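Right, one structure below, let's go through it.
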Amino acid sequence: MTTPLLVILAFIIVSTVVGVIGRGRGAMNLERWSVGGRQFGVILVWLLMAGEIYTTFTFLGASGWAYSRGAPSFYILAYGTIGYIISFFLLPPLWRMAKRLGLHTQPDFFLARYNSPALAGLVALIGVVSIIPYLQLQLAGLGLIVHTASGGAIASEVAIIVAFALTCVFVYTSGLQGIAWVAIIKDITMVVVVVIIGIGLPSMYFGSVGQMLSELVRQHPSHLTFPGGTTTMGVGWVISTILLTGVGFYCWPHMFASAFSAKDERTIKRNAVIMPLYQLPILLVLFVGFTALLVMPGLKNPDTALLALVMRSYPAWFAGLVGGAGAVTAMVPASMLLLVASTLTAKNIYRPLRGGVVSEEQLMRASRGFMLLIAVVALILALWSPNELVKLLIFGYDGIAQFFPGIVLGVFVRQITARPVILGLVAGEAVVVSLIWSGHDPFLGMNAGFVGLVVNALLTLLSATGGQVLNHRNIQGSRRGTTTPLNFGGEHGEPRERHRVDGWRAG
Amino acid sequence: MPIRFRLALVPALTPAVALVAGLPFVNRLEPIVFGLPFLLAWILGWVLVTPAFLGLAYLLDRSTSAAEDGDGR
């Protein structure tokens, strides 16, 4: 076994032990396992959120794209900012509704607001399906780390299966409470490592970041402007991708629900103010990718660029530390995503299908069963349908960003009903799936997910206003401005009759 | 309430709109800003100043809400 591999293993073992200790004593039930007993302090909640923002995607995917694509990878720096700006306005009223109606999950919101079990089920299903490529990304990243750290001795297929086993053990033993503690270790190591290598590597080979960049411009003059090293990712693709992923940022089931656990509105807004600074480490990761392109051109898999350069440039123990940080950076989000996806499946798909009569214990068992099932699907995809890490995340965004019209209109426009939202959602997803499958992504220079979102939003608004006009032709109620997409006035889009959302206790 | 929201929207949306709408015009390397090619500097610059704009939005939200309402939030 190589030294880096040993350090990585030690890192993983320590993290798992912290996870097991962190989960505390006492019997495990679904409430504790999946929402940490709902007793998280604000700091812990936001650490968890940051834990989901920094994933293998940031670490390996961003550097891989900086290496192979160049300027199109700048979208990764920008989209979070758009997401935080939207959250500043969207999350406070959402948080108020969640508190008043006792919401736990994203489909709970759709059920309570639109009074439509069909819409809630559809949202749960799309959420779970979109999480799978995100999970696949984490497994593939973890596999790459193990593969590269072993100096190629461990085949990447074997490494992915090892990654899968590690993640399953981790999530089974720790649950959310344990994961939260590991997330703290992970974030600190991650930021320290990124600062060291992001400034250290360009300086080591070129003297400074600025000199590295001018050398890059000299050798690859078109790498740092759109479309960079690609032919299809021009300005239109970048703009549409920033908008799609920025809008989709808080549409992820886990990000959406994380807002529910905040202490108060002020905390949410204050966080939105400082969060854009969270994007800065990504810049350093991009620098590592650029340095790798100059120092080690022609890598077979660009996603290994960061690790390969680190292993070449630093002592073995430090390379192991970077690999270990990377491994935990994959395991924490993978566990979170698995927990969210399995909880959604059990609570918002399985239970309604069983007519709602399911005991808490059955729900817990079902949840663990679905967890394994979803993990296996992600494993199979990682083994047989490998893809670039960044591409996988964009696939996920294509799916979940389609929730945006339903969320925004649901929060701000009282008059909107389930039918237009379902129509827009289905049409949007259909456009996305058919464009990607027929090989038309990007479409007319734009991200296919964005095209779907435009179709989705237009259809939702048109059918909503069309329905309103037909229904209220002679009623003066239409003066309330049903066509105004952002009606901030008065009470927010609260449902008049409220569909009661059961808590975690079934029955 | 409506006024409060609209006022805060102005500073909050400025960096988002500027960053994205500017992209077609800043897709070039020159001038170099602090060692960064212009395109990267443009994106990074707006990310860096966004907290200031959102902070202003936060203050606008708070001052108008303190002045005009006590709707029991």
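Before we move on, is A:Thr241 out of contact with any Leu (no Cβ under 7 Å at 6 or more places or on another chain) and buried (at least 23 other Cβ atoms within 10 Å of the Cβ)? Yes: the conditions hold for A:Thr241.
For region A:48-58, the condition holds for no residue, the condition being that it is part of a helix (DSSP H, G or I), within 18 Å of the chain's Cα centre (by Cα), small (Gly, Ala, Ser) and modelled with pLDDT of 80 or more. Scan region B:23-36 and tell me whether some residue there is in a helix (DSSP H, G or I), more than 9 Å from chain A (Cβ to nearest Cβ), under 13 Å from the mean Cα position of the chain (by Cα) and at pLDDT 90 or above. No, there is no match, as no residue in region B:23-36 is in a helix (DSSP H, G or I), more than 9 Å from chain A (Cβ to nearest Cβ), under 13 Å from the mean Cα position of the chain (by Cα) and at pLDDT 90 or above.
Tell me whether region A:218-228 contains one or more residues that are part of a helix (DSSP H, G or I), touching a residue at least 24 places away in the same chain (Cβ under 8 Å) and touching a Gly at 6+ places or on another chain (Cβ under 9 Å).
Scanning region A:218-228, I find no residue that is part of a helix (DSSP H, G or I), touching a residue at least 24 places away in the same chain (Cβ under 8 Å) and touching a Gly at 6+ places or on another chain (Cβ under 9 Å), so the answer is no.
Looking at the structure I just gave you, is A:Ser73 over 22 Å from A:Met255 (Cβ atoms), in contact with a helix residue (DSSP H, G or I) (Cβ under 9 Å, 6 or more places away or on another chain), of a type in the set (Gly, Ala, Ser) and assigned to a helix (DSSP H, G or I)?
Answer is no for this residue.
Taking A:Met311, is it more than 16 Å from the chain's Cα centre (by Cα), touching a residue at least 12 places away in the same chain (Cβ under 8 Å) and in a helix (DSSP H, G or I)? When the stated conditions are applied, A:Met311 passes them. Looking at region A:160-171, can you tell me whether even one residue there is touching a Lys or Arg at 6+ places or on another chain (Cβ under 8 Å) and surrounded by 24 or more Cβ atoms within 10 Å (Cβ to Cβ)? No.
Total residues in region A:221-236 satisfying the condition of being buried (at least 16 other Cβ atoms within 10 Å of the Cβ) and either more than 11 Å from every other protein chain (Cβ to nearest Cβ) or in contact with a Cys (Cβ under 7 Å, 6 or more places away or on another chain) (or both): the figure is 3. Working carefully through the options A:Val340, A:Val273, find the one that is touching a Leu at 6+ places or on another chain (Cβ under 8 Å) and at pLDDT 85 or above. Selected residue: A:Val273, the only one of A:Val340, A:Val273 that is touching a Leu at 6+ places or on another chain (Cβ under 8 Å) and at pLDDT 85 or above.
Results for (1) more than 19 Å from A:Tyr79 (Cα to Cα); (2) away from chain B (no Cβ under 11 Å); (3) part of a helix (DSSP H, G or I), shown as yes or no for each residue.
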site	(1), (2), (3)
A:Phe260	yes, yes, yes
A:Arg266	yes, no, yes
A:Lys269	no, no, yes
A:Leu277	no, no, yes
A:Leu284	no, yes, yes
A:Leu293	yes, yes, yes
A:Asp303	yes, yes, yes
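Set side by side, the residues A:Val288, A:Val332 differ, and just one is surrounded by 23 or more Cβ atoms within 10 Å (Cβ to Cβ), part of a helix (DSSP H, G or I) and within 21 Å of the chain's Cα centre (by Cα), which is A:Val332.
It is to be established whether one or more residues within region A:257-268 are surrounded by 18 or more Cβ atoms within 10 Å (Cβ to Cβ), at pLDDT 85 or above and not small (Gly, Ala, Ser). Among the residues of region A:257-268, not one is surrounded by 18 or more Cβ atoms within 10 Å (Cβ to Cβ), at pLDDT 85 or above and not small (Gly, Ala, Ser), which makes the answer no. If you check A:Met204 against the conditions, is it out of contact with any Phe, Trp or Tyr (no Cβ under 6 Å at 6 or more places or on another chain), closer than 28 Å to B:Leu44 by Cβ and assigned to a loop (DSSP other than H, G, I, E, B)? Answer is no for this residue.
Would you mind listing the helices (runs of 4 or more DSSP H) fully within region A:402-472 where at least 1 residues are of a type in the set (D, E, K, R) and surrounded by fewer than 24 Cβ atoms within 10 Å (Cβ to Cβ)? Steps first, answer last, please.
Numbers: elements: A:404-412, A:418-437, A:448-471.
It comes to A:418-437.
Taken as a whole, the structure places A:Val128 among residues that are in a helix (DSSP H, G or I), within 27 Å of A:Asp398 (Cα to Cα) and modelled with pLDDT of 85 or more. Screening A:Gly152 on (1) within 19 Å of the chain's Cα centre (by Cα); (2) on the phi > 0 side of the Ramachandran plot; (3) among the small types (Gly, Ala, Ser) shows it passes everything except condition (1).
The set of residues in region A:229-245 that are part of a loop (DSSP other than H, G, I, E, B) and in contact with a helix residue (DSSP H, G or I) (Cβ under 7 Å, 6 or more places away or on another chain) comprises A:Gly229, A:Thr230, A:Met233. Does A:Val340 satisfy being over 25 Å from A:Thr105 (Cα atoms) and not charged (D, E, K, R)? For A:Val340, the condition - over 25 Å from A:Thr105 (Cα atoms) and not charged (D, E, K, R) - is not met.
Any residue at all in region A:179-186 that is in contact (Cβ under 8 Å) with a residue 60 or more places away in the chain, out of contact with any Asp or Glu (no Cβ under 7 Å at 6 or more places or on another chain), more than 23 Å from A:Leu137 (Cβ to Cβ) and not in a loop (DSSP other than H, G, I, E, B)?
Yes, that holds for at least one residue.
If the condition is being more than 7 Å from every other protein chain (Cβ to nearest Cβ) and either in contact (Cβ under 8 Å) with a residue 12 or more places away in the chain or under 9 Å from the mean Cα position of the chain (by Cα) (or both), then region B:47-56 contributes B:Val49, B:Ala52, B:Phe53, B:Leu56.
Considering region A:203-220 alone, what residues qualify as being of a type in the set (Gly, Ala, Ser) and either at positive phi or within 11 Å of chain B (Cβ to nearest Cβ) (or both)? If the condition is that a residue be of a type in the set (Gly, Ala, Ser) and either at positive phi or within 11 Å of chain B (Cβ to nearest Cβ) (or both), then A:Gly207, A:Ser208, A:Gly210, A:Ser214 are the ones that fit.
The values are calculated or read from the model by the stated rules, or taken from the named source; none is laboratory data. The shown structure was predicted, so the numbers you read here are calculated from the model rather than taken from an experiment. Using ideal geometry, Cβ is built from the backbone for each residue, glycine included, and neighbour counts are taken over all protein chains shown.
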